[in-house]
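What follows is one structure encoded as structure tokens, with my remarks underneath.
The values are calculated or read from the model by the stated rules, or taken from the named source; none is laboratory data. Note that the structure is a prediction, hence the values are computed from the model and not measured. Neighbour counts run over all protein chains shown; Cβ positions are idealised from the backbone, glycine included. Please note that ligands, DNA and RNA were not included when accessible areas were found on the heavy atoms of the full protein model with its side chains. Shrake-Rupley method; radii C 1.70, N 1.55, O 1.52, S 1.80 Å.
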Amino acid sequence: SIGFSDFSTEEYLTTLKAGWDQFEGLFNETWEPGCRTRYNLWRFINEMKAGDIVVIPYPYTFTVCRISDDVIFTNETIDNNLLYDWNNEKVIIDEEQPNYLKYKDGRIVDIGFYRKVEIIQSDISRSDYAKQELFSRMKVRQTNVNISDIGYLVDDAVERVRRNQPLNLKEDIIEKAISTVLESIKAIPNDQSFENLVECYLRTIGGKNIEKPAKNESPTENGDADRIAYFEELKVAVIVQAKKHIGITDSWAVEQIISYKRNHTTDDYTSLLWVISTCDDYSEDAKRLAQETNGVRLITGAEFAKMILNAGLSEINI
């Protein structure tokens, strides 16, 4: 909602929607000529469209909504059953001034125009999820402002809330560094060096007695693995197939590691199967086979870069 009850009639709304000259003429006639607040009303009535995202700031939180349609309600057309103020207190039409609302005790309240929205995410903590530029924009004191240039920060906040991933310095540094680390990983000269990097990572996260299985003469029948790391405390063995690929990694990598597990034992250790690739993504067949057959974990180049950053670089010595 927005104020400007002086204009909250259907007759006025028609003029306000007719174009800037008509809008400004009516505004100057009814209010103080040249008043800067007229841009807030213009934006609310003529610029906001169905599907636009709206950020509504509160003292410590903010809510993100989507405009449902292009209908604009006035105090003449709004459903009276919906008339509650921002403190959830009931208001009613003032019979003496029909384009105004009032509380039961007679106090006038200025609401004026309304647009229907759907809530995308409510009560988002400013301090935990709003990056600095979005945080600063929510301090703007005018009624509304176009922040389309930082819309991606609104999307980021909503996504972080849904992942329960509040902002912190470490996470911010890691997110910014992923592309740089991935570029370095993709520049590794050969398969052997990439396998050595995987071994360094496994050692960093606590893997012991890391094995380099002999290459099989018949990988289709016996499968293939590049490294096996044992985690004694957990009694877990991580079996890894490493692929230095560009673009998409197909299901062959998954088939290899599944076949290897089928034909080899890790004694009393529980086996986890990983495919780590420098790829951008895995084929749909690879994803389906990994999920349906043995729960193989598929790790892309970007995810592996983030894993390395989270673990630290102390053991990376290739």
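Restricting to the range 180-205, give me the number of residues that are without any contact (Cβ under 8 Å) to a residue 40 or more places away in the chain and open to solvent by 30 Å² or more (accessible area, probe 1.4 Å).
Number satisfying all stated conditions: 7.
Starting from residues that are surrounded by 17 or more Cβ atoms within 10 Å (Cβ to Cβ) and more than 34 Å from the chain's Cα centre (by Cα), keep the ones in the range 49-77 and report whichever is modelled with the lowest pLDDT.
The residue in question is Asn75.
For residues that are touching a residue at least 24 places away in the same chain (Cβ under 8 Å) and either farther than 22 Å from Ser136 by Cβ or among the β-branched types (Val, Ile, Thr) (or both), scanning just the range 156-172, find the one that is surrounded by the fewest Cβ atoms within 10 Å (Cβ to Cβ).
Arg162
I'm trying to understand the selection: among the residues of the range 7-31, which are under 17 Å from Thr143 (Cα atoms) and either exposed (fewer than 12 other Cβ atoms within 10 Å of the Cβ) or in contact (Cβ under 8 Å) with a residue 40 or more places away in the chain (or both)?
Phe7, Ser8, listed by residue number.
Applying the selection to the range 270-318, what residues are surrounded by fewer than 14 Cβ atoms within 10 Å (Cβ to Cβ) and farther than 20 Å from Cys200 by Cβ?
Passing the criteria: Thr270, Glu284, Asp285, Arg288, Gln291, Glu292, Thr293, Gly295.
Name the pairs: first residue in the range 34-48 and in contact (Cβ under 8 Å) with a residue 12 or more places away in the chain, second residue part of a helix (DSSP H, G or I), Cβ to Cβ under 7 Å, at least 6 apart or on different chains?
Arg38/Glu24; Arg38/Phe27; Trp42/Phe23; Ile45/Leu16
Do you know which residues across the range 250-294 are within 21 Å of Lys186 (Cβ to Cβ) and not hydrophobic (A, V, I, L, M, F, W, C)?
Correct list: Asp250, Ser277, Thr278, Asp280, Asp281, Tyr282, Ser283.
Applying the selection to the range 103-155, what residues are of a type in the set (Val, Ile, Thr), part of a strand (DSSP E or B) and surrounded by 14 or more Cβ atoms within 10 Å (Cβ to Cβ)?
Val109, Val117, Ile120, Ile124
When you look at Glu255, is it outside any strand (DSSP E or B) and loosely packed, with under 15 Cβ neighbours inside 10 Å, yes or no?
When the stated conditions are applied, Glu255 does not pass them.
Within the range 13-56, how many residues turn out to be within 13 Å of Asp70 (Cα to Cα) and assigned to a loop (DSSP other than H, G, I, E, B)?
Matching residues across the range 13-56 total 6.
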